[in-house]
Amino acid sequence: MLFLFCIPLVTFAQQNLQTINQALRYSRYSRVSLKIIPIEEPKRTFLLQMPVEKIEDEIEFDSYTFSYGVLSGYQEPITDQNLIQLTKEDIIRETEYHYYFEKRVTIPEGQQMAIAVLKAVDTRQGDEYFYHMDLISPFIFGHSNFGLYYEDRVPFDQNFLIQNQPVEFKGRGIVNLHTFFYPTTFDVPMPPMEIRPAPVPREVKVEYQGSFLANLPKEFPGIGYYFIQSDTNSTQGALLKTVHDIFPRVKDYDEMVDMVTYISTRREHELLKDAADKKIALDQYWYTLTKDTLSAKKLIREYFKQIEFANILFTDFKEGWKTDRGMVYIVMGPPNEVYFSLDGETWSYGTPESISKISFTFARVKNILTPSFYTLNRSRALQPEWFKSITLWRNAQMDF
């Protein structure tokens, strides 16, 4: 008698940028924050500035492993063979807030895509952090040929610059840089189920503010955004969004009124905007929602903590809370799953055991100011879950 034994074939899918869940990038409980800031040099060479922000208190370098690499596409497997480990000897500068690595890479002629990847693994619990940045892709006009630095000589890794905070610009052979200022304010984005096109400003005001010397501290007094270039005939440059001195937190009651629009009815928001005393009106607003002082305090604390994180994570030429990703982050909370592709980013809510999930897809838009500009693919199908989350907020039941 012949017995046939069927042995199941077990395959292990290799990680790539499209299959890695990068939710830790947006978590409120991340222990480190990674960044890659490329400086473009001649002959397809890039200096990769890789600051690692120390969010965890009393962080120890040996608690993490760090590695970096350059991929030829979002579907290329990420393996130990195409990542290079970074050791303590690779640290260019360590401060109270950062480890700073930098490496120079050259992209072979003919390679049409190049994506730099930085990975950190928390060896105590296995958490994996990733950050990636396109060096060459259809969504990149080019990277600047100079860098921005804090006073401690660590690369400027924030998405925003406090008004009048000095930064320094450095680059090979760079003497003068040109400043274009956009004193622009933006409206709050339309909700996810609103499928009508958002109004587009007919014109954007821009002021050329002349040139300044590199290698010296420079301050920017305006509130808006600046585009800095070494060559005004080029598309390459660096974006600086300037903000008030307590950003990413809320500045005053007028700004607080603007920010509660996501969880307010139109009538409620109009009454708040028209109120002569915004503080009294807001106090009444919060209490009316919760009918309880302690619940009102919890609601205020959690809502504006979400605003703060949205500003840190998603500010580009808009404040983070006014971006599509910021809006979804504030109302829905940090996503459980985050997946990237060349042309977009998808967030999902719901645990792996959930019967149903809700997903938000953000389309990547090519933009001369930033390589990370995303707009939400709006749909009426998102309305039920959106209103459910707003109801939880208004009952002070959101919990992240």
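The values are calculated or read from the model by the stated rules, or taken from the named source; none is laboratory data. This one's a predicted model, so the numbers in the text were calculated from it and none came from an experiment. Reconstructed Cβ throughout: ideal geometry from the backbone, glycine too, with neighbour counts over all protein chains shown. SASA here: full protein model, heavy atoms, side chains in, ligands and nucleic acids out. Shrake-Rupley method; radii C 1.70, N 1.55, O 1.52, S 1.80 Å.
Observations on the model:
- Residue in the stretch 180-196 that is buried (at least 17 other Cβ atoms within 10 Å of the Cβ), assigned to a strand (DSSP E or B) and in contact with a strand residue (DSSP E or B) (Cβ under 6 Å, 6 or more places away or on another chain) present: yes
- The condition (being closer than 23 Å to Gln236 by Cα and touching a His at 6+ places or on another chain (Cβ under 6 Å)) is satisfied by just one residue among Pro42, Pro38: Pro38.
- Residue match in the stretch 235-249 (condition: in a helix (DSSP H, G or I), aliphatic (A, V, I, L, M) and surrounded by 14 or more Cβ atoms within 10 Å (Cβ to Cβ)): no
- The one condition in (1) free of Cβ contacts under 8 Å to residues at least 60 places away in the same chain; (2) open to solvent by less than 70 Å² (accessible area, probe 1.4 Å); (3) in a loop (DSSP other than H, G, I, E, B) that Glu255 fails to fulfil: (3)
- The residue pairs whose first member lies in the stretch 330-341 and is farther than 11 Å from Arg25 by Cβ, whose second member is among the aromatic types (Phe, Trp, Tyr) and part of a loop (DSSP other than H, G, I, E, B), and whose beta carbons are closer than 9 Å, counting only pairs six or more residues apart or on different chains, are Gly333/Phe400; Ser341/Tyr74.
- Considering the stretch 269-316, and only residues there that are free of Cβ contacts under 8 Å to residues at least 60 places away in the same chain and of a type in the set (Ser, Thr, Tyr), the residue that is most open to solvent (accessible area, probe 1.4 Å) turns out to be Tyr287.
- Extreme residue, surrounded by the most Cβ atoms within 10 Å (Cβ to Cβ), among residues of the stretch 344-389 that are hydroxyl-bearing (Ser, Thr, Tyr) and at pLDDT below 90: Ser354
- Looking at the stretch 3-117, the strands (runs of 3 or more DSSP E) lying wholly inside it that each contain 2 or more residues that are over 20 Å from Tyr150 (Cα atoms) sit at 45-54, 64-71, 84-86, 98-106.
- Residue count for the stretch 105-124, restricted to those that are among the aliphatic types (A, V, I, L, M), touching an Asp or Glu at 6+ places or on another chain (Cβ under 9 Å) and within 16 Å of Asp134 (Cα to Cα): 4.
- Scanning the stretch 89-104 for residues that are closer than 19 Å to Leu135 by Cα and open to solvent by less than 20 Å² (accessible area, probe 1.4 Å) returns a single hit, Phe101.
- Gly110 meets the conditions (1) open to solvent by 20 Å² or more (accessible area, probe 1.4 Å); (2) closer than 30 Å to Gly173 by Cα; (3) modelled with pLDDT of 95 or more in every case but one. The failed one is (3).
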